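What follows is a set of notes on a single structure, which appears directly below.
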Amino acid sequence: MPSTRTLFVTSELYPLIKTGGLADVSGALPTALGALGTDIQVLLPGYASVLDVPLGWRVVVAGMRLVPAVWHMAGVLEGQMPTADGKQITIYAIDCPPLYRRAGGPYQDANGVDWADNAARFALLGAVAAYLAAPASPLAWQPHILHLNDWQSGLTAAYQHFMPEVTAKIVATIRNLSFAGDFPATDITQWGLPASAQDIHGIEYYGRASFLKAALFYADHITTISPSYAREIQSAPLGCGFEGLLASRRDSLTGIVNGIDTKAWDPANDAALAAPYTRADPSGKALNKDALQARFRLRRRARAPLLGMVTRLTWQKGADSALGQARGWLDDGAQLVVLGSGDPGIELALAELARNYPQDMGFIVGYDEPLAHLLEAGADAFLMPSRFEPCGLNQMYGMRYGTPPIVPATGGLADTVTHAQHVTIEDGSATGFVFDADTSQALDTAVRQAITLYAQPKQWQTLMTNAMQRDFSWVAPARAYQQFYARLRQQIPGEAAITSSAHSAARVRPQVNGKRTA
Ligand code: ADP
């Protein structure tokens, strides 16, 4: 079958615009899918920081008026962005300066206040995505699949639902259910949707209209970023009010664990490290431990078990629960280093602990990417006591750097870390320490288990090398998404029968609401 044409719709794309993990995923997953043969292109808003990057932008659609609430003239520009694997990927940027060309972030102004017109800004993203998949689209390239990401592109699914001529299937990936993208329900007709969409069987969410609900209700398939999280969000509290809908759609809900950037996170080739090392020759790891102890001004004790944390200091990440136990670990000879910022109360408590144990506990407040790399390399074990974790990246970095993670059995942590016990160490499957997320004592037990095993160098070495050989690249996740695309494409009328590449030739489409200028 000719390759599946997929439009990846996103509000962030590394390296053009980034506020969080969505940008990294948008930068990596389409590249990995392209390498596997998917014909994938990316659509995003034309923020200033996007259009100011010279990607050979040219106008391919001009003069669209799609969303009454804004009713600005919008166009689509096409550019070619170099990818990490030395190729290029086609980027479509929505050109609508009144909505997107402004100083500040993609969602908020410079003071951290949400843009007042966010509904209109991301309604336009959804409307353009659906329009580019419609027979009326002036583009020669018409997607079989629209891959939506989080609430910002969620309204695409509602537009598609009310445009029966759009045959493209929708995959919606949800990373964070706590951002519902909800706005006053009175606005929905201004987004060009019928009033009937404001319904429990539609985009209604506790009396408001939610872009995320549009994706969860109308998408043909929903994915989230780990199988365990996919189960957890089918009930409260992690379902964030969507649990009933998600449970009813469980046959169309799948968890696929994210990949990591294995080039940026590679202990054999990482400029932030004091020394490189590999699974075959991990000797350089000791130099990184020494450098990390020096950086945090700790005693340079080569054989003390050194626990590390890199984290946002929020309730979700559970640093406060580790604090409750840490004195005991330090009293018993362990060391602890923490890099992070966030909740002032947690920051204060960590600083106090560091004052009480100046030689064995170090805390650096802030966000420091190179130090995060050194910490992953120099620590002996990586502590990540999250209360919930849709996927998590740090535990995967830890394993890749031979720093076994200590994690609760929740979300992506449960799905990526295999608990060390005699059998799993011997059969090569153990990669870290997994404790029962609901028991407060369990964290302490897991840490002490790690400390005990660390005192047995041969066993610890086996655990380290097991962890280092796990494959966390984007190849496996991309294959999983590709399978969904293929399955959904089969459901498009006429597609199941396609076996020859003759059908992949672009169709000539009538021009309805915008002219082709390419
Ligand atoms: P989340 O995205 O929920 O914060 P993840 O584990 O998925 O948690 O990813 C966190 C990412 O942010 C990792 O790449 C981690 O190294 C990085 N990070 C978090 N806090 C800091 C910090 N203080 N300094 C440097 N990097 C940080």
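The values are calculated or read from the model by the stated rules, or taken from the named source; none is laboratory data. Computed from a predicted model, the values in this text were never measured in an experiment. Here the Cβ is made from the backbone with ideal geometry for all residues, glycine too, and neighbour counts use every protein chain on show. Quick note on the areas: whole protein, heavy atoms, side chains included, nothing else; ligands and nucleic acids left out. Shrake-Rupley method; radii C 1.70, N 1.55, O 1.52, S 1.80 Å.
Points to keep in mind about this one:
- The residues of the chain have, on average, 40 Å² of accessible surface per residue, using a 1.4 Å probe with all protein chains present.
- Seen against the Cα atoms of the chain and their longest principal axis, helix 285-295 is set at about 90 degrees.
- The chain - share of DSSP beta bridges that are antiparallel (%, nearest 5): 30 percent
- Taking the longest Cα principal axis of the chain as reference, the axis of helix 319-331 is set at about 20 degrees.
- The chain: angle of helix 21-35 to the longest principal axis, Cα-based, in degrees nearest 10: 70 degrees
- Compactness relative to 2.2 N^0.38 Å, alpha carbon Rg of the stretch 284-468: 0.92
- Percent carbon-and-sulfur accessible area, the stretch 348-417, ignoring ligands, DNA and RNA, probe 1.4 Å: 54 percent
- I89 long-range amide H proximity, modeled H, under 5 Å: M81, T83
- Inter-label distance for R297 and R312, nm, one decimal - labels placed 7 Å from Cα along Cα-to-Cβ: 2.9 nm
- Note, ³J(HN,Hα) from phi for the stretch 41-50, Karplus 6.51, -1.76, 1.60, rounded to Hz, x at Gly and Pro: 9, 10, 10, 8, x, x, 4, 4, 5, 7
- Residue-level accessible surface for V310, protein heavy atoms, 1.4 Å, Å²: 30 Å²
- Our coupling estimate for the stretch 263-278, obtained by passing each phi through the Karplus curve with A = 6.51, B = -1.76, C = 1.60 and θ = phi - 60°, is 8, 5, 10, 9, x, 7, 8, 9, 4, 7, 8, 6, 7, x, 7, 9 Hz, Gly and Pro reported as x.
- Calculated mean residue ellipticity, 222 nm, the chain: -9500 deg cm²/dmol, from DSSP H runs (n ≥ 4) at -39500 (n - 2.57) each, averaged per residue and rounded to 500.
- FRET efficiency, Q456 to R58 (Cβ-Cβ, R0 60 Å, nearest 0.05): 0.45
- At an R0 of 22 angstrom, the distance between the Cβ atoms of Q483 and I200 translates into a FRET efficiency of 0.10.
- Model label points for Q441 and R65, set 7 angstrom from Cα along the Cα-to-Cβ axis, are 7.1 nm apart.
- Taking trypsin sites (Lys or Arg not before Pro) across the stretch 1-65, the ones in a DSSP loop with at most 16 further Cβ atoms lying within 10 angstrom of their Cβ are R65.
- Probe 1.4 Å - accessible area at S178, Å² to nearest ten: 80 Å²
- Anisotropy class of the chain from Cα gyration tensor, a/c 1.5 cut: prolate
- The simple spin-label model puts a point 7 Å past each Cα toward its Cβ; for N269 and N176 those points are separated by 3.2 nm.
- Extension gain, S341-M73: 0.36 nm per intervening residue step, less the Cα-Cα distance, totals 92.3 nm.
- Candidate lysines - alpha carbon under 17 Å from K458, same-chain residues fewer than 8 apart omitted: K285
- Reachable lysines, given that their alpha-carbon falls under 24 Å from the alpha-carbon of K87 and they are not under 8 places away in the same chain: K18, K263
- Close amide-amide hydrogen proximity is noted between V310 and L339, each under 5 Å apart and 5 or more residues distant or on a separate chain (H modeled in the peptide plane; Pro and chain starts excluded).
- Accessible carbon and sulfur surface of the stretch 157-313 relative to its total accessible area, %, 1.4 Å: 53 percent
- The mean of 1/r over all pairs of different alpha-carbon atoms in the stretch 110-218, once inverted, gives a Kirkwood hydrodynamic radius of 13.9 Å.
- Listed residues Y218, Y14, Y206, Y229 arranged by accessible area, highest first, probe 1.4 Å: Y206, Y14, Y218, Y229
- Sites S473 and K87 - FRET efficiency at Förster radius 25 Å, r taken between beta-carbons, to 0.05: 0.90
- The stretch 112-155, accessible surface, carbon-and-sulfur percent (1.4 angstrom probe): 66 percent
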